[in-house]
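The structure appears right after this line, and notes come after that.
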């Protein structure tokens, strides 16, 4: 099917629209940009320039995709925003393109960016990640696949959020958050994201091994890099955590108290 464009929309001639793209009232699409097949742009969406968007995305009212970065060093060169397939970009989300020429902001497949969230220049957001309402990512932040950033989370520039990590509502971090962890407060590690791991299909044995590793190596109050470097990596998830920690340039979140096993454990359900 040919694209459907509302008469009030403004679409540059250099914008390429795939089959069955629908462009709603008062949208503005600046080129050069490319919008993949089956994508829906609801009313008053702004896209481009230099946006490449995949297929079957849904972009809700008032969202801004690919505008220039909020960065004094931006000199007006060509930089990009690249978005994969089947993403849900809710009301008034802002996604800014890269700062340096030929750099990019990148969002994977199947993500959910809830209302009012902000993805700054040069960020990378992995597949199936969720940014809840009001999440603010500063420039050059990396969010791993399946990570869940709860409402109002603040992330400092150049921070990495590991795969399947969970950041509780209202928390903030200027330190890296390792894979599979739960963080709250001010970059404070609490426990592992058991619910997220179960939903992702991890076995009970793998979850237990990740929990034991966190308890012994990351939540013990000290971080022994030599011990980490010699860790048994036969379980790939343990190797993933170790590599993440050893590669950190901004430091890892501080450990919190390991949960009291005599009490029910809070594992992030519903957060």
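The values are calculated or read from the model by the stated rules, or taken from the named source; none is laboratory data. A quick note: this is a predicted structure, and the numbers were derived from the prediction, not measured. Every residue, glycine among them, receives a Cβ derived from its backbone with ideal geometry; neighbour counts consider all protein chains shown.
Is it the case that some residue within segment 23-38 is farther than 19 Å from residue 111 by Cβ, within 21 Å of the chain's Cα centre (by Cα) and surrounded by 15 or more Cβ atoms within 10 Å (Cβ to Cβ)?
no
With the structure loaded, tell me whether residue 153 is over 15 Å from residue 126 (Cα atoms), within 19 Å of the chain's Cα centre (by Cα) and surrounded by 23 or more Cβ atoms within 10 Å (Cβ to Cβ) or whether it fails that test.
When the stated conditions are applied, residue 153 passes them.
With the condition being farther than 22 Å from residue 168 by Cα, I'd like the helices (runs of 4 or more DSSP H) fully within segment 182-262 carrying at least 3 qualifying residues.
Output list reads 204-213, 225-229, 236-246.
May I ask you to say which residue of 50, 72, 60 is within 28 Å of residue 140 (Cα to Cα) and surrounded by fewer than 17 Cβ atoms within 10 Å (Cβ to Cβ)?
Step by step, each of 50, 72, 60 is checked, and only 72 is within 28 Å of residue 140 (Cα to Cα) and surrounded by fewer than 17 Cβ atoms within 10 Å (Cβ to Cβ).
Name every residue in segment 107-127 that is over 15 Å from residue 82 (Cα atoms) and either surrounded by fewer than 19 Cβ atoms within 10 Å (Cβ to Cβ) or in contact (Cβ under 8 Å) with a residue 40 or more places away in the chain (or both), in order of residue number.
Selection gives 112, 115.
Please specify each residue of segment 218-256 satisfying the condition of being in contact with a helix residue (DSSP H, G or I) (Cβ under 9 Å, 6 or more places away or on another chain), within 15 Å of residue 176 (Cβ to Cβ) and free of Cβ contacts under 8 Å to residues at least 24 places away in the same chain.
Hits for segment 218-256 are 225, 228, 242, 246.
Considering only segment 145-176, how many residues are more than 16 Å from residue 199 (Cα to Cα) and touching a helix residue (DSSP H, G or I) at 6+ places or on another chain (Cβ under 9 Å)?
Qualifying residue count, segment 145-176: 3.
Of all residues in segment 37-69, which are over 22 Å from residue 13 (Cβ atoms) and assigned to a strand (DSSP E or B)?
The one that is over 22 Å from residue 13 (Cβ atoms) and assigned to a strand (DSSP E or B): 58.
Within segment 69-83, does at least one residue satisfy the condition of being within 13 Å of the chain's Cα centre (by Cα), at pLDDT 95 or above and within 26 Å of residue 5 (Cβ to Cβ)? First the steps, then the outcome.
The initial filter retains those residues of segment 69-83 that are within 13 Å of the chain's Cα centre (by Cα), namely 83.
Now narrow it down to the ones that are at pLDDT 95 or above: 83.
Restricting the remaining residues to those that are within 26 Å of residue 5 (Cβ to Cβ) gives 83.
Taking every residue of segment 69-83 in turn, at least one turns out to be within 13 Å of the chain's Cα centre (by Cα), at pLDDT 95 or above and within 26 Å of residue 5 (Cβ to Cβ).
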